[in-house]
1. For helix 302-317, what angle does its Cα long axis make with the longest principal axis of the chain, in degrees from 0 to 90 and rounded to 10?
2. Over the chain, what is the mean sequence separation of C-alpha contacts under 8 Å (at least six apart), divided by residue count, expressed as relative contact order in percent?
3. If I stretch the segment between residue 113 and residue 760 completely, what's the gain in nm (0.36 nm per residue apart, minus their alpha carbon distance), one decimal?
4. Which of rounded, prolate or oblate describes the chain when judged by the alpha-carbon gyration tensor and an a/c cut-off of 1.5?
5. If you count the DSSP beta bridges with both ends in segment 361-636, what percent of them are antiparallel, to the nearest 5?
6. Debye sum, Cα scatterers, segment 607-662, no solvent: what log₁₀ I/I(0) at q = 0.19, 0.26, 0.29 1/Å?
7. How do the peptides 202-208, 2-8, 26-32, 446-452 rank, highest first, by the average count of neighbouring beta carbon atoms within 10 Å per residue?
8. Evaluate the relative contact order of segment 361-636 (contact order divided by residue number), counting alpha-carbon pairs under 8 angstrom at least 6 apart; express in whole percent.
């Protein structure tokens, strides 16, 4: 496996930095020869507050949204008045979800004797989650090491002189509203305020931020909120083993030191609400707690602090590994290999994606947002929020299959929040039971459509937005067989999502129940002289609701709750949902009926959700549908889009087309071209590989980096069809290799080795449950009977 990424030169821009994270605190490590710069994020630093959606829901209802308006939309669709339906549907559009914001910047400036320092290289250890670089001249050599410690709830930085001494100037700043600043001989503490509202970048006619106490202005009343949700504080505490410290202006200066330990901690009102459902408003409380956390992180000796961190992350980061013939332990990234060098790049992308998921998603912290845990933009594209129509699900695809099931806890927490806020939205907007979510949500569980009454329904309104992430609940159970978790955490979320879906399905007198209105996320069809986005019973709606109802019945069976009223309704409704169908063009039909496609190369594969990730279409069981899915994915393959690459590879893996998957995977190896900061650049300049293994796809998003390990895993092991299919879609360019720690449904772990394109041996270990396991290689099958903890080698 690839254990380390190495760069010879310092980062030239933010996206070339090295990300670290502990699930709540993250930092992009930048800097150069004499300055270490940590751009720090806290996953709970969002604009807004927990209750803003309620006033917006009330405004929507007062403005005409509700069950009667919904019936007007449905009537227009039944009559074929699609554009009228879209216009009427816009009454349901609320404002927008809130924004994930940059937090603080920590700069550690070195001053040394002798000539200017030289930068001798930096590494990111993908097993230990530790960043290290070195700067030196003829008199001084300083090693700088950083990690984000979950046990110590802090970012930790160590600067150690291997020869000579150094002076260190520390600065702590924020681009948010600074309310207080306290400097002592060993610490810097900032009291900070967040905006009460942050408008997304695409809403150009709205003030970017509103702050508590802002006066009235056109379109906005005066904001008098002072409830404390916007209060937070950051602290940096530094201790030198020798040397002298003093405050100089806005800096903490340590002179003539041989080593310095710096800890960075945070305290936010949102964190309290997120974990406990309430918060104390006082800013001074957060200042005190941030300082106490940073100080506590220094209580352990350096070696112990690093050991605690390694003990926490290594079991996750080493749980799975991929090695191809010639895979090195260390990859020098600023000299990217050729695009056909799978042995170098594919294992590195596999491990790096897993590293990013572990860094961004740990129990007790928020779920992964569009940028993971790393954002330096005050107006991040799409608010760096949670987008349910692909991004949130893709973020967690690799969690189960690559041995990172613990990282799913923040997703479950987000779903619990969505279920709470979505109940009121379902009732007031649609007269439905259960809970609803739409296209976007945020830290506060925003449950409403977005768009402000002018948003294209293709991206503003999708009433099955909660269904897709909810399907991960039963996936987690299938991999872990944790019945207590299913009963205590997943059941009520599943039941509520299914209850809404059942009320959302309509009987219009035909053979099938339909969803109406329905969209196919972010796509359109030709209608009249233009394009439209609103239909009835799109393929993605049908597949997701079918899966959700099947999941509920499966959960009820596992928990002996088959007599539940919602389960009974699910059993009755399920056969009346139309399955996937083949359109006149030979592709999976995306819409309710055959529709012309104005953009055949559109990035979303929404109609193929039944193939991957749901596994409802299988190449053996449904050859006609599989062929139609293959035609669809081929028509949608885009050469340089971000996240669609990962989805395209996974889809081709499920179609068992290793050669086609390899071709798409090779395109993800291409370096960036053009100016990735230019928002209006042609799409072919987007999406390339930056020399950090992050993606240049402007804007930066983390989804493809997290999706690629899942896609790679699907090439090597599949278990959705009730058996362990080994090497189902091995790329021809991977003739020899090995993978360890892949996980399969049924509580199974699998290690594989292959040579000359053929399986040489496999070890199957049951990690949960018991009973028979069917293993497939090609068309050969063997059944094993394993108790928990037992292994068999084939």
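Readers should treat all values here as calculations from the given coordinates under stated rules, not as data from a laboratory. In this text the structure is predicted, and so the values were computed from the model without any measurement. Cβ: placed from backbone, ideal geometry, glycine included. Neighbour counts: every protein chain shown.
1. 20 degrees
2. Reported as a whole number, the value is 12 percent.
3. 227.0 nm
4. Taking the square roots of the gyration eigenvalues as a ≥ b ≥ c, the chain is oblate.
5. So the antiparallel bridges in segment 361-636 amount to around 90 percent.
6. -0.58, -1.07, -1.30
7. The densest-packed peptide leads the list: 446-452, 26-32, 2-8, 202-208.
8. Value for segment 361-636: 14 percent.
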